Amino acid sequence: MEIRYIPDGTMTERQQKDVDIINDICLSGDSDCNEEEFDINTYEYSAPEDGMYLLFDGDKAVGRAAVHKVLTEYNGQEYYLGGFGGLAVLPEYQGKGYARKLAEATLEKAYEIGVDVACMEVDMDSGITDLYQKLGYKFLNRPAYFINHGNNEVPDDKVMIKGIRNNELANEILTTNYKFHYGKSLGHW
Ligand SMILES: CC(C)(COP(=O)(O)OP(=O)(O)OC[C@H]1O[C@@H](n2cnc3c(N)ncnc32)[C@H](O)[C@@H]1OP(=O)(O)O)[C@@H](O)C(=O)NCCC(=O)NCCS
């Protein structure tokens, strides 16, 4: 088993087919993680460093986690928001620590590409938020805002935050009440 980073725009047709299968099996049933509904893959803005970690069994991709980075601002302070989205491992490979490995790899990549603060929409009913807490994420106890494809700003009250390069800012976001948003591009992750 091997985890590799695939920068945006370099995924092969075979890898994309495998990712589509993973998305269908693992992410399509859960609206909180549904790529179609929330357009994780079609998130409008893509930083040059964005990409996806794939977990390979031989040449077959069996797990995935996208890496995001976008310039936004909090209380007038510009910073890079990012982190991972759409974490999924095919059922037959689950329970072996691969999701944790994918998540850890994305957080290292986020640091490397200059993400200040990581955030992510989560399924509150899923026990997987325990893993995110173990990785250092904390619940944002107020809505986060993003622009949907109707061009409306909508709230999302199921978001977790983690400091990557700027722990102080992450802490400020968690403990103050200014509007937290994903920035001007459409979508969220
Ligand atoms: C969630 C998912 C990615 C976990 O994959 P996995 O490879 O089985 O997870 P791991 O084996 O790496 O487990 C990592 C940790 O999370 C815990 N965990 C995994 N799935 C869990 C669940 N459903 N409930 C509670 N804890 C869970 C494990 O106990 C483990 O804890 P540890 O590191 O302290 O031992 C996988 O079940 C999946 O693809 N689910 C469907 C998609 C999904 O829900 N994605 C997340 C939200 S977008």
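Quick notes on this structure:
- Just one of the numbered conditions (1) surrounded by fewer than 24 Cβ atoms within 10 Å (Cβ to Cβ); (2) in contact (Cβ under 8 Å) with a residue 12 or more places away in the chain; (3) outside any strand (DSSP E or B); (4) within 13 Å of the ligand (Cβ to nearest atom) is not true of T106: (1).
- Members of the stretch 133-183 found to be assigned to a strand (DSSP E or B) and either without any contact (Cβ under 8 Å) to a residue 40 or more places away in the chain or farther than 22 Å from A47 by Cβ (or both), listed by number: K138, F139, Y145, E153, V154, P155, D156
- Of the set (1) near the ligand (Cβ under 9 Å from one of its atoms); (2) closer than 20 Å to M11 by Cβ, all apply to G95 but (2).
- Among the strands (runs of 3 or more DSSP E) confined to the stretch 1-85, the ones with at least 3 residues that are touching a Leu at 6+ places or on another chain (Cβ under 8 Å) and at pLDDT below 95 are located at 60-74.
- Among (1) surrounded by 23 or more Cβ atoms within 10 Å (Cβ to Cβ); (2) touching a residue at least 60 places away in the same chain (Cβ under 8 Å); (3) more than 8 Å from the ligand (Cβ to nearest atom) - the single one G85 does not satisfy: (3)
- Residue pairs meeting the criteria (Cβ under 6 Å; at least 6 apart or on separate chains; first near the ligand (Cβ under 10 Å from one of its atoms), in the stretch 117-129; second polar (S, T, N, Q)): V122/T129
- Condition check for A61: under 20 Å from M11 (Cβ atoms), touching a Ser or Thr at 6+ places or on another chain (Cβ under 6 Å) and among the small types (G, A, S): no
The values are calculated or read from the model by the stated rules, or taken from the named source; none is laboratory data. Not measured: the values here are computed from a predicted model. So basically every Cβ, Gly included, is an ideal-geometry build from the backbone, and we count neighbours across all protein chains shown.
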